[in-house]
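One structure is given here, and the rest of the page talks about it.
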């Protein structure tokens, strides 16, 4: 059971609290900022790559430089020192990013500037997802019911935000660790809602649609069947969900996590499927942290169907996780061939890396 | 005038020396390695992204761990301590990478392994380009005639390697600086020759072809005309070449460099065009290093037409340079939205960053 409470911050931003228990309706949304959010972003067309780029120049002016001991994602304990979330009984909190790269159009906002390429309003939405009130926790360390709730939250946000006019794609993701640029260690993720289907999901949609038309089934659906039969790279295999190092991994410790049955997104998961998907996710994250007995940094992205109002029978909810290490001491740098050509070169075989992760024993709780 | 001398190393790899002066034909190619190169790589198909990934597992076994003071790209001075290049009068050296991510098929090599996805031999070619004999130099610091020679070398390599069976794309690039993973500071670049047109050039070719069919001219050709007319982001404008921060920059200090007249690649440049392109490149690299009075790391990739035997009137030789910094002290991390969605978010406007670079005065020599 998921309870939620929608609140508005003093600066106008939205905060939604989620819990497995009823939430005290008297809770009030704090904000470290008093003045109203005045975000604006615009898109410019990249004529060589055929894609949009977003510019949010006001983000440079982040005047907000908290002292290291100040954690804006911790519950507010002093009225004269408000954080982003209130004290009280809640499990997961979601609020509008104060420094969004994409922001809803506000009435009276300036139109996008005239440029030598096409421009457009940077209409979209960026949210911060606080995974837990415990600043020392990690996503993988949370109890299974808490991870299940988070998956419900991701589904609720995708429906709420994805149903807004002009939002075509919703991407929940987590950047974890200083190696991927994160300076705030309180467990949290982000949600980006885009006014277009972005290049990577667009490419995957195109490939999946072509496969679906030719084969009559989804490409990930078929791949999961083959990975299960092959078995060599599996990390978790439950009744409804799997996790594995894909045969075509582009990062040494890349892992995919998915429900076995294709569904469009988190909101379409049944209770048992979601529970098993939570077990798969927790298994992978505990293996990551157990690998070298230290928190492993990673980028985790959850791909769902576009929210463009079209049917997407080819879509299949899944996560792709990319840790930036290739060995315990060596980072995998993306350089010439990966960045400039988009052609990934791997020194390690996925079978070897899968074996390393298979040998990490974990206990679910 | 370009002179060259082709040699074979003791381990079978090819070394080509280039110079503006005749080269002593008695020079002998050294190698730090005695045993023959036994490289093999295989490709696996990524069914979700619709692209190939290359696996060269033998690269992990690099037993060659030189002491920090040993520079394999410096000229050999002691017969008992061979480097990759000989002492003697030469300006630029190109040799087969000892640890290639893609390698030509050798007779008797194992076929690619059977997998649950399509596999193929990792047939391709990886070369190292030593820009100069001076380990303390930098590409931007080299004299203009030396940079012109390097552009001739890039053209010669593209023709030599691109004409081989099965090579569809040749990419010269430079990764510079520890921030992009480079540990060897002797000025050098690499050349990757691919058995397919890789995803990024393939996407750019597709976009350029569509534009060419509709507009009757190249998309970069049009963009250069517009950037010159707009003028705000120009860094160099000569009779035959330009450099500018593109209106759609995805990295704060991104710069493009191109001949004004569209040509397919380095080999198609006239002498005056090449000379002006060298001035444009040197201008940009000196501005980079002058920005904060320290060597600025960057990835530089030179895009040419595919070597697939098809005509490519839409192609337009150009470089894209991506420094990984967004301010003097802050790296730009590629994270959720860039890596997972392919959707770039910028805090800075290209006009502001162009102004910073415009204000760096440089003297060409």
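Observations
- Among (1) part of a loop (DSSP other than H, G, I, E, B); (2) surrounded by fewer than 21 Cβ atoms within 10 Å (Cβ to Cβ); (3) away from chain A (no Cβ under 12 Å), the one test that residue B:120 misses: (1)
- Check on residue A:104, closer than 29 Å to residue B:219 by Cβ and either away from chain B (no Cβ under 14 Å) or without any contact (Cβ under 8 Å) to a residue 40 or more places away in the chain (or both): no
- Test for residue A:47: is it under 23 Å from residue A:124 (Cβ atoms), modelled with pLDDT under 95 and buried (at least 16 other Cβ atoms within 10 Å of the Cβ): no
- Among the residues making up the stretch B:219-243, those that are within 11 Å of chain A (Cβ to nearest Cβ), surrounded by 20 or more Cβ atoms within 10 Å (Cβ to Cβ) and touching a helix residue (DSSP H, G or I) at 6+ places or on another chain (Cβ under 9 Å) are B:219, B:220, B:233.
- Unmet criterion (only one of (1) buried (at least 17 other Cβ atoms within 10 Å of the Cβ); (2) at pLDDT 90 or above; (3) out of contact with any helix residue (DSSP H, G or I) (no Cβ under 7 Å at 6 or more places or on another chain); (4) within 13 Å of chain A (Cβ to nearest Cβ)) for residue B:114: (1)
- In the stretch B:328-361, the residue that is nearest to the other protein chains (Cβ to nearest Cβ) out of those that are surrounded by fewer than 18 Cβ atoms within 10 Å (Cβ to Cβ), in contact (Cβ under 8 Å) with a residue 60 or more places away in the chain and part of a loop (DSSP other than H, G, I, E, B) is B:360.
- Residue match in the stretch B:91-98 (condition: within 14 Å of chain A (Cβ to nearest Cβ) and in contact with a strand residue (DSSP E or B) (Cβ under 9 Å, 6 or more places away or on another chain)): yes
- Qualifying positions in the stretch A:220-238 - in a helix (DSSP H, G or I) and within 22 Å of the chain's Cα centre (by Cα): A:220, A:221, A:224
- Residue within the stretch A:148-169 that is at the interface with another protein chain (Cβ under 9 Å from one of its Cβ atoms), crowded, with 22+ Cβ neighbours inside 10 Å and touching a helix residue (DSSP H, G or I) at 6+ places or on another chain (Cβ under 8 Å) present: yes
- Tally, over the stretch B:2-40, of residues that are free of Cβ contacts under 8 Å to residues at least 12 places away in the same chain and part of a loop (DSSP other than H, G, I, E, B): 1
- Among (1) farther than 30 Å from residue A:90 by Cβ; (2) modelled with pLDDT of 95 or more; (3) more than 14 Å from chain B (Cβ to nearest Cβ), the one test that residue A:140 misses: (1)
- Hey, residue A:4 in contact with a helix residue (DSSP H, G or I) (Cβ under 9 Å, 6 or more places away or on another chain) and either modelled with pLDDT of 95 or more or surrounded by fewer than 17 Cβ atoms within 10 Å (Cβ to Cβ) (or both) or not: yes
- Any chance residue A:211 is part of a loop (DSSP other than H, G, I, E, B) and in contact (Cβ under 8 Å) with a residue 60 or more places away in the chain: no
- Looking only at residues of the stretch A:254-275 that are within 14 Å of chain B (Cβ to nearest Cβ) and in a loop (DSSP other than H, G, I, E, B), we find that the one that is surrounded by the most Cβ atoms within 10 Å (Cβ to Cβ) is A:262.
- Residues satisfying the stated conditions in the stretch A:345-364, i.e. within 14 Å of residue A:253 (Cα to Cα) and in contact with a helix residue (DSSP H, G or I) (Cβ under 7 Å, 6 or more places away or on another chain): A:345, A:347, A:348, A:349, A:356, A:357, A:360
One line per residue, one yes/no per condition, for (1) over 30 Å from residue A:329 (Cα atoms); (2) assigned by TED's automatic domain parsing to the domain that holds residue B:44:
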| residue | (1), (2) |
| --- | --- |
| B:158 | yes, yes |
| B:173 | no, yes |
| B:182 | no, yes |
| B:192 | no, yes |
| B:208 | yes, no |
| B:239 | yes, no |
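- Some residue of the stretch B:41-48 being assigned to a strand (DSSP E or B) and more than 14 Å from chain A (Cβ to nearest Cβ): no
- Scanning the stretch B:309-318 for residues that are more than 10 Å from chain A (Cβ to nearest Cβ) and touching a residue at least 24 places away in the same chain (Cβ under 8 Å) gives B:312, B:313, B:314, B:315, B:317.
- Filter result (surrounded by 24 or more Cβ atoms within 10 Å (Cβ to Cβ), touching a strand residue (DSSP E or B) at 6+ places or on another chain (Cβ under 8 Å) and in a helix (DSSP H, G or I)) within the stretch A:284-304: A:284, A:288
- Residue A:200 being within 28 Å of residue A:282 (Cβ to Cβ), within 14 Å of chain B (Cβ to nearest Cβ) and without any contact (Cβ under 8 Å) to a residue 40 or more places away in the chain: yes
The values are calculated or read from the model by the stated rules, or taken from the named source; none is laboratory data. Keep in mind the model is a prediction, meaning the values are calculated, not measured. Every residue, glycine among them, receives a Cβ derived from its backbone with ideal geometry; neighbour counts consider all protein chains shown.
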